[in-house]
Structure formats: C-alpha cells, structure tokens
Amino acid sequence: MMRQEQMLRHWKILRRLEQMRQGMTPKELAFEFKTSVRTIYRDLITLQDAGFPVSSDRTEKGTVYFLTQSAGAISHLCFGPSELLALYLSQGILSQLRGTVFHDAIEQLLAKVDEVVPQSAREYFRELESYILVEIFTRRNYQKKARQIQAILACLRDKTVLKMEYFSPNRGELEREVDPYHLWIFGDSFYLIGFCHLNQEIRTFLVDRIKKALPTKKPFEMKSDFDFRKYSSESFRVMRSGKAEEYELKFAPQISYLIKERIWHPSQTIHNHPDGSLTLRFCARGMEEVKSWVMSFGEMVDVLKPENLREEIKNSCRKILERG
C-alpha cells in the first residue's frame, strides 16, 4: 500500500507534466520535489502501471518523460490525469449533496468515466480515496426534498415565481410566493434566497423547511441592485435578523491560535496583544448566531462590544445555572 506522501507526489508529478508539454527529466522532477532520482523513477513506473499515459523519449538532456494523449473514448472527455483524480476525490466532498440531482449527476458522470478508464487506474484512484476522508459535522438528508429542489431549479432556470409552503418557527406554516434569486449551499445546508411577496423583501429560506414547492408561469425580474456577495457578507453566517452591530471580542492566549486560523467574517480585523491574547473586530447582522458562537468558547472570550450581547450572554448563563 502506498504512503500518503507518495500519492501526493504522484499528483504533483502529473500536474507538472501536464503543464510542461515538452516533458521533464527525472533529475528535474527530483530537484523540484526534493527527493531522489531513484524515487522519481519508481513513481513514474507506478503511474505507468496504473494506466496513466506517461511516455518517455531520449533527448540531448537525457530521458524526458511527458504525458501523451490518451487513446480511446477518454480522450474525448478532454480530462487531464490530475483532473480525473480530482473528479474521483470530489465524491467525498459532495457526499453532503446525497439525494439531490447534483450528487446523482456526479455519480452518473463517474460511472461513464469508469467505462473507459483502465482497471489499473480505477484501483489506483480507489486507493488514493482511502487516504482522503471527508466528514460533515452534521449531514442533512436532502433526498426527501428532491421535489422541492427540482421545483426551485426549474424556477431559477425559467425565471418564474415559486409558490411554496414554508414553516417558520415564529409564524408556523404559511403559503408564500417567492422570486428565486439563488440556491445557496452553505455548510451542510441548502438555502433559497429570493424576494418574498408576503414580506415584500429579500429573504433567506432554509430548504429543509419548505414543505411544498410548485413552479408557476409568472415571470419575474431580479432586482437590478441585488448583490449576493454583499447580501451574504452582511450576516455573521446565515441569519440576518436585527441591525448590523460592531463586535469586539477579546480571546485568551490559550485559544488565540484558533481565531487566527480562520476568516470568521469578511470585515474582521485582528489586534494581537503582548500577553498572547487578541481582539477580534467585525461588523455583522444576526446576533443570535454570534451569541451561540461566542458562548462555545466559554470563559476564554470576553465580549467588549456590543453591550447588549454581553447582557444576553449573562442572562443565558444565569438561566443555565438556575436550571442546575
């Protein structure tokens, strides 16, 4: 069984040979990937045995290895070897879409590719897949929402109004008509963004809560000033309740590295302190999401702004203690 670093090097070799049409010598590859010439020779033989179109030719600078055009049906797909590898590995990343037309289409595409890819290459792909694992924290089952998603896609394609029954925790089930602008995949969830005729504003709807959805024949036009990137960046994550607030959060030295590792919001700035702590600042809507996120850090974070977030967290902690 191949080691992970070996498979990663194979991927890089294929990518490099795709870029260098004139080919490269084992010595050049060894220098680039900081390994021995003997190791590169073994890698090239492994790739050839797996069915990749790696060929060689004698030149003035020595034996040069390059990628040839694959014979047969696979050549008509215009896929490079590294692109085929990426396609296979996308299965894990797209697993959260299981039960939707998107996941079904990927599986159908891979089935067609399987018909023309050599058995040795398929075995190589499967071994590589075993090293790269994708786990979603929570996985939603969108198979039961297939009809709703198909109705949304039909309205997006035809630019027609969607009629739907939507459940809201605050208002229960209501029938709405929506001009669908975008189907947004965020985290492990599907959201419909569109103009709600009932509320007369652009809203974000969780697809899980759409009970029924039917396309209509009523045409609509998207508001000319709507910008999805601006719309989504106004929220901390998804929720848009309340006005935008300026947040200032001080994180303890023990967890400051966690805050530095990610971009939590497009507007964020970070100020590092001499003791190893840091202050994170950003502006966003949706205080409920910010609150739950802040509380997940416990005593390791201090809310400097806004004051109403401090009070809400205090009240929540007080209620938790009272229940205990």
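Take the residues of region 11-29 that are over 32 Å from the mean Cα position of the chain (by Cα) and surrounded by fewer than 17 Cβ atoms within 10 Å (Cβ to Cβ): which is nearest to LEU44 (Cα to Cα)? This residue is LYS27.
Any idea how many residues of region 193-202 are crowded, with 16+ Cβ neighbours inside 10 Å and over 22 Å from the mean Cα position of the chain (by Cα)? If you could, list the steps in order and put the result at the bottom.
Taking region 193-202 first, the residues crowded, with 16+ Cβ neighbours inside 10 Å are 193-196, 202.
Okay, now just the ones that are also over 22 Å from the mean Cα position of the chain (by Cα), so 195-196, 202.
The total comes to 3.
Could you say which residue among VAL64, VAL54, VAL37 is modelled with pLDDT of 85 or more, more than 30 Å from GLN148 (Cα to Cα), touching a Phe, Trp or Tyr at 6+ places or on another chain (Cβ under 7 Å) and β-branched (Val, Ile, Thr)? Outline the logic, then answer.
Numbers: VAL64 fails: touching a Phe, Trp or Tyr at 6+ places or on another chain (Cβ under 7 Å); VAL37 fails: touching a Phe, Trp or Tyr at 6+ places or on another chain (Cβ under 7 Å).
Exactly one residue qualifies, and that residue is VAL54.
Could you list all residues from region 256-283 that are surrounded by 15 or more Cβ atoms within 10 Å (Cβ to Cβ) and part of a helix (DSSP H, G or I)? Residues satisfying the conditions are SER256, ILE259. Against the list (1) β-branched (Val, Ile, Thr); (2) closer than 17 Å to GLU245 by Cα; (3) in contact with a Phe, Trp or Tyr (Cβ under 6 Å, 6 or more places away or on another chain), the condition VAL301 fails is (2). Remark: pairs (first residue in region 241-265, among the polar types (S, T, N, Q); second residue surrounded by 15 or more Cβ atoms within 10 Å (Cβ to Cβ) and assigned to a loop (DSSP other than H, G, I, E, B); Cβ separation under 7 Å; 6+ apart in sequence or on different chains) = SER241/GLY286; SER256/SER277. For region 213-228, the condition of being of a type in the set (Val, Ile, Thr), touching a residue at least 12 places away in the same chain (Cβ under 8 Å) and not in a loop (DSSP other than H, G, I, E, B) holds for at least one residue. Just one residue in the set GLY99, GLY72, GLY92, GLY80 is out of contact with any Phe, Trp or Tyr (no Cβ under 7 Å at 6 or more places or on another chain), at positive phi and modelled with pLDDT under 90; that residue is GLY72.
The values are calculated or read from the model by the stated rules, or taken from the named source; none is laboratory data. Predicted model only: the values in this text are computed from it and were never measured. Virtual Cβ from ideal backbone geometry, glycine too; neighbours counted across all protein chains shown.
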